[in-house]
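The block underneath contains the structure these notes are about, expressed in structure tokens.
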Amino acid sequence: MNIFQILSELEKVDPEVYERFDSRRRVFKHISGLGKNLATAAVPLAFTAIFNKAYGQTSGAPSATDVLAFALKLEYLESYFYNAGLGAPGATATAAQTTFRNLFSATNLSSLDKIRNDEANHVKALVAALPANTVPVPATNIFDFTGGKGSNTGPFVGVFTAPAVFLAVAQSLEDTGVRAYKGGAPYLMSTTTAGRTILETALNIHSVEARHASRLRTMRRAGASNNTASAVAPTAGNNESDRSASPKSWVSFKDGGGASPTQTAGIYGAGTSPTYTPASITFPAEDNVTQGGVNLQTTLASFNFPASAFSEAFDEPLPVPTVLSIASTFTVTGNTFFG
């Protein structure tokens, strides 16, 4: 079983294939070591289980249209968020937006504008991929990005005046998007050319969301006005159980509940499997260290990786209902955009 040849062929159609197994590649580059630690006959079985988790098809699940409509709603949420704070792409920023933009360093502002433009393009791409009016264009006033359900005095009050709050909400949205796309990918598997194109589009957006999340984390770690991204997460005064204000560039364990644990812990927790989900597909929390039925922390103990590495190496999927519940944090009371 030439595992590396299989991965090489997969990478030709899915450039992010390695990221599905190990976003940091620190575990996967020692894949030969995994083979040494498993009985030879068990290696194909272990890898089949891992592939099924990353790409597995399910039955009785949402259609591709359902999943893309769900993704479009999330993209509207993210796009409207950046537009409200920074100004829409191509539009003149309001006085309040201009004042807010000036609170970021030039480097960070450039990155935020890039992220904003990416999200606007994601909306355009998904609208083009779906039948007309599958998701009506939402009004801007259905969202309250303070999390106040319409009062504009929620836990994220100051989201468009205080850069630290803005970056905390941005990271939370992007982290949610990463897990949401991974959770929806199995339902987009198809044998048709059109179906594969849709899956490729979704996977490309997924990888962009992950890059957004990582860049935002460097901004939060180094500070909104700092032009130099913090290369290493500080440890003095910070411990691994609480990185809510100084995150690594990737999710570590459950990230201490995220930027505002009372509101954001669910982003990093386990998801409840919908009834249509086959038993083989699960939605563990981000601190999961078992992949394809193999406890990596135990199996790869001889490599002496830090305990955190085994959870950091994989992004876990979230099911649609869990994501919708998280996204509803930012809609006004009574609105049913997210169900």
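The values are calculated or read from the model by the stated rules, or taken from the named source; none is laboratory data. Computed from a predicted model, the values in this text were never measured in an experiment. Neighbour counts are summed over all protein chains in view; Cβ atoms, including those assigned to glycine, are modelled from backbone coordinates with ideal geometry. What goes into the accessible areas is simple: the full protein's heavy atoms, side chains included, and nothing from ligands, DNA or RNA. Shrake-Rupley method; radii C 1.70, N 1.55, O 1.52, S 1.80 Å.
The set of residues from the stretch 250-276 being β-branched (V, I, T) and either crowded, with 20+ Cβ neighbours inside 10 Å or closer than 14 Å to A313 by Cα (or both) comprises V251, T264, I267. Out of L324, L300, one residue alone is in contact with a Leu (Cβ under 8 Å, 6 or more places away or on another chain) and more than 24 Å from P247 (Cβ to Cβ). It is L300.
Of all the residues that make up the stretch 282-307, how many are at pLDDT below 90 and within 16 Å of G269 (Cα to Cα)? The total comes to 1. Residues in the stretch 95-118 that are within 18 Å of R221 (Cβ to Cβ), open to solvent by 70 Å² or more (accessible area, probe 1.4 Å) and either polar (S, T, N, Q) or modelled with pLDDT under 95 (or both): S110 alone.
Scanning the stretch 97-130 for residues that are within 15 Å of L68 (Cβ to Cβ) and either touching a residue at least 24 places away in the same chain (Cβ under 8 Å) or not in a helix (DSSP H, G or I) (or both) yields a count of 7. Might you let me know whether the stretch 144-162 holds any residue that is open to solvent by 10 Å² or more (accessible area, probe 1.4 Å), outside any loop (DSSP other than H, G, I, E, B) and in contact with a helix residue (DSSP H, G or I) (Cβ under 9 Å, 6 or more places away or on another chain)? Scanning the stretch 144-162 turns up no residue that is open to solvent by 10 Å² or more (accessible area, probe 1.4 Å), outside any loop (DSSP other than H, G, I, E, B) and in contact with a helix residue (DSSP H, G or I) (Cβ under 9 Å, 6 or more places away or on another chain).
Just to check your reading of the model, which residue among A231, A170, A224 is at pLDDT 90 or above and in a loop (DSSP other than H, G, I, E, B)?
Numbers: A231 fails: at pLDDT 90 or above; A170 fails: in a loop (DSSP other than H, G, I, E, B).
So the residue among A231, A170, A224 that is at pLDDT 90 or above and in a loop (DSSP other than H, G, I, E, B) is A224.
When you scan the stretch 297-309, do you find a residue that is part of a helix (DSSP H, G or I), touching a Phe, Trp or Tyr at 6+ places or on another chain (Cβ under 8 Å), of a type in the set (G, A, S) and crowded, with 18+ Cβ neighbours inside 10 Å, even just one? The answer is no; no qualifying residue exists. Determine which member of the set N141, N133 is surrounded by fewer than 19 Cβ atoms within 10 Å (Cβ to Cβ), part of a helix (DSSP H, G or I) and more than 22 Å from the chain's Cα centre (by Cα). Of N141, N133, the one residue that is surrounded by fewer than 19 Cβ atoms within 10 Å (Cβ to Cβ), part of a helix (DSSP H, G or I) and more than 22 Å from the chain's Cα centre (by Cα) is N141.
Go through the stretch 76-94 and give me each residue that's open to solvent by less than 20 Å² (accessible area, probe 1.4 Å) and either without any contact (Cβ under 8 Å) to a residue 60 or more places away in the chain or more than 19 Å from A139 (Cβ to Cβ) (or both). Passing the criteria: S79, L86, G87.
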